[in-house]
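The values are calculated or read from the model by the stated rules, or taken from the named source; none is laboratory data. Note that the structure is predicted; figures quoted are calculated from it, not measured. Reconstructed Cβ throughout: ideal geometry from the backbone, glycine too, with neighbour counts over all protein chains shown. Just the protein is used for accessible areas: all its heavy atoms, side chains included, with ligands, DNA and RNA removed. Shrake-Rupley method; radii C 1.70, N 1.55, O 1.52, S 1.80 Å.
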Amino acid sequence: MEISRKTDYALRMLAELVEHEGEVVSVRLAAEKRDVPYSFARSIQRELTAAGLIESLRGSKGGMRLLADSRHTTIRAVVEALQGPILLADCDRAGVDDGPCPFIESCHFNPVWCEAQKMLVRYFDSITIYEVVCEHKHPIMAPGEAFVTVGPCEDD
């Protein structure tokens with residue numbers, strides 16, 4: 001899986017909105033502050049609006065405002081809103097006419113990709129955009145199968 005440039009730019013713009021939650025932020029200003037090309041920012045604004053993450057406001061005092069609750073919106077929700085489901089391997093559509101891969105039953109690696117995908121989904125589900133932007137946290141693997149969020153000095 002690769003995080004697309006569009007998703008990276010969208011997360012940057014969302015970071016600006018999270019830092020100014022409840023306020024209307026100019027698309028141009030957010031793009032400039034977060035080093036996102038303005039023409040790309042307008043396109044991302046439309047996609048984030050369609051996904052229900054932000055609202056767009058027209059007029060001289062227009063711009064965009066965070067609609068989703070940043071304390072409950074996970075990184076997974078944002079990534080999937082922009083890129084679709086998180087997939088490491090496309091085994092279910094790698095065959096003829098987008099059917100399953102013909103080797104899926106005998107493939108030694110399919111279970112590895114499936115488990116890695118589950119871990120990545122859980123990882124992105126374990127952190128909200130608020131925690132990343134405002135609390136400067138990120139998830140790490142805890143003993144067992146859980147992820148815990150830690151701050152910048154707690155990585156050990």
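Worth pointing out:
- Note on the chain: with charges restricted to the Cβ of Lys and Arg (+1) and Asp and Glu (-1), its dipole about the Cα centre is near 820 debye.
- For the chain, accessible area per residue (1.4 Å probe, heavy atoms of protein chains only), Å²: 61 Å²
- Semi-axis lengths, Å, segment 50-92, gyration tensor of Cα atoms, sqrt of 5 times eigenvalues: 29, 12, 6
- The per residue volume of the convex hull around the alpha-carbon atoms of the chain is 133 Å³.
- Computed over the chain with a Gaussian network model linking Cα atoms closer than 10 Å, the most mobile of 136, 108, 20 is 108.
- For residue 147, distant residues with modelled amide H under 5 Å away: 142
- On the beta carbon distance between residue 104 and residue 141, with R0 = 35 Å, the FRET formula returns roughly 0.80.
- Contact order relative to length of the chain, as percent, for alpha carbon pairs under 8 angstrom and 6 or more apart: 20 percent
- A straight Cα-to-Cα reach below 22 Å connects residue 33 with the lysines 6, 61, 137, residues fewer than 8 places away in its own chain not being considered.
- The Cα atoms of segment 1-60 define a convex hull whose projected area, averaged across directions, is 4.3 nm².
- Under the convention that each Lys and Arg Cβ holds +1 and each Asp and Glu Cβ holds -1, the size of the dipole of segment 1-57 around its Cα centre is about 260 debye.
- For segment 32-46, putting each phi into the Karplus relation 6.51 cos²θ - 1.76 cosθ + 1.60 with θ = phi - 60° gives couplings of 5, 5, 9, 6, 10, x, 4, 4, 5, 4, 5, 5, 5, 4, 4 Hz, in residue order, rounded to whole numbers and with x for Gly and Pro.
- Sequence-distant residues sharing a close amide H with residue 63 (under 5 Å, placed H): 57, 58
- Percent accessible area from carbon and sulfur atoms, segment 1-93, protein chains only, probe 1.4 Å: 46 percent
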